[in-house]
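Shown next, in structure tokens, is the structure this report addresses.
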Amino acid sequence: MTVPYKLEELAAKCGQWLKGTGPESDIVISSRIRLARNLAEYPFVRRASQDERLSIAKLVRTRIESIQGWENVLYILVNELNDLDCQFLVERQLMSREMAEGEGDRAVAIDPEEQFSIMVNEEDHLRIQVMFSGLDLEAAWEKIDKIDDALERKLNYAFHDSFGYLTACPTNVGTGLRVSVMLHLPALVITREIEKVFRSLQKINVAVRGLYGEGSQFMGDFYQVSNQITLGRTEKELVQTVKEVVPQIIEYERRAREFLVNESEQDLHDEVSRAYGILCTAKKISSEETLHYLSKVRMGINLGLIRSVDIQTVNKLFVHTQPAHLQKIRGHQLSVTDRNIERANYLQRHLGHKDGSDLPEM
């Protein structure tokens, strides 16, 4: 089966991390753990020659295909993909923007359920990531620990007795582990408390990033919270650090939502209703507008203001209305104008209110 066809299959379904079924899933979209690993026999990616990068990609592919139980893992040669397919995988959170924009031989291995992916020749030889729905860091850690062990039995990792796992970026040396939780925080944004939360997190070495990780914009009121350092800390300590911080942010968001309901319920209901109405009736709409209005609708569902749409549908729409997804689902490339029209049609089909009926009552 060819890679493009399998990408079409991915586009048609919803990854496990988007199902909205995990703990605290009203606020926490996903829990992600990433490990950076390098092979002892080769220089770091930026120092590696073209032949060495090709050799790394071939070696890793052979080893992955030899692991029992991984027969259905999809191995994609990223350097052979077009820009649209690369953007699709970035939107899907299966590979990074840096990977998409890189050069030379690089690849990504993807679990059919999208619980894990392995980037080959990104900044490091291997970037292993696991994603679970909701706040489920323990399960994510157990999963990635097993994946890492399976790979380490097949590959010779670069490891130093004093420093730990060696990585291209000094901040990843040690465990090579990045713990990340994606949160939906619309009430903190509306009440203008979000900056205060950011400042408190910076004091304890916790980073806040946008929807697509480092350097990306804050869109749709989504924020990724992760550890900043790895050296001198064990994997379980790093998981525990983030695990202790996230419940505090969840509590802040819940208090902000409660405040909005108690102090300005009519204004809140009006804002949610307007957002829902626009999504259900717009003739054309940009991806930025869509994220903005879906964010309000998602909060409205969790507050009981909208009952005709479920969280999984909204989570899916956050991803499927992004530019590359729309074009993959449609089956061909679209201009910006055509994408905005197709996006409006797609939203109406999935929200099920083309005529604007059954909108939330005021």
| request: Report, in deg cm²/dmol and to the nearest 500, the calculated mean residue ellipticity at 222 nm for the chain, where each DSSP H run with n ≥ 4 adds -39500 (n - 2.57) and the sum is divided by the residue count. | output: -14500 deg cm²/dmol
| request: Note the full-extension length gain between R192 and E263 as 0.36 nm times their separation in residues minus their Cα-Cα distance, in nm to one decimal. | output: 24.1 nm
| In nm, to one decimal, how far is the modelled label at R97 from the one at Q202, with both set 7 Å along Cα→Cβ? | 2.0 nm
| Would you list I341, I147, I33, I204 from fewest to most Cβ contacts within 10 Å? | I204, I341, I147, I33
| task | Please report V130, V261, V206 as a ranked list, fewest other C-beta atoms within 10 angstrom at the top and most at the bottom. | result | V261, V206, V130
| Reach of K19 by Cα under 22 Å, taken over lysines that are not fewer than 8 positions away in the same chain | K6, K143, K243, K296, K316, K328
| remark: Everything considered on the Cα gyration tensor (a ≥ b ≥ c; rounded for a/c under 1.5, else prolate if a/b is larger than b/c, else oblate), region 3-182 must be described as oblate
| said: Tell me the relative contact order for region 262-351 as a rounded percent, counting alpha carbon contacts under 8 Å between residues six or more apart. | reply: 38 percent
| task | Please give the FRET efficiency for K58 paired with K283, using the beta carbon to beta carbon distance and R0 = 45 Å, rounded to the nearest 0.05. | result | 0.35
| request: Using a/c under 1.5 as the rounded threshold, could you call region 14-120 rounded, prolate or oblate? The axes a ≥ b ≥ c are square roots of the C-alpha gyration tensor eigenvalues, and prolate needs a/b larger than b/c, oblate otherwise. | output: prolate
| When the chain is treated as a GNM, springs tying every alpha-carbon pair under 10 Å, which of H160, H269, H320 comes out with the largest mean-square fluctuation? | H160
| query | Hey, of (i) 69, 39, 38; (ii) 55, 49, 39; (iii) 65, 46, 32, which did the structure itself give for Cα extents along the principal axes in Å when calculated? | reply | (iii)
| query | Separation between the S49 and K146 pseudo-spin-labels, each 7 Å from Cα along Cα→Cβ, expressed in nm? | reply | 4.1 nm
| note | So I341 and N156, fully extended at 0.36 nm per residue minus their Cα-Cα distance, gain in nm 61.5 nm
| field | Taking L268, L10 and counting other C-beta atoms within 10 Å, the order from fewest to most | value | L10, L268
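Values quoted throughout were computed directly from the atomic coordinates according to the rules given, and no laboratory measurement underlies them. Worth saying up front: this structure is predicted, and the values here are computed from it rather than measured. Glycine gets a Cβ as well: all are built from the backbone with ideal geometry, and neighbour counts include every protein chain shown.
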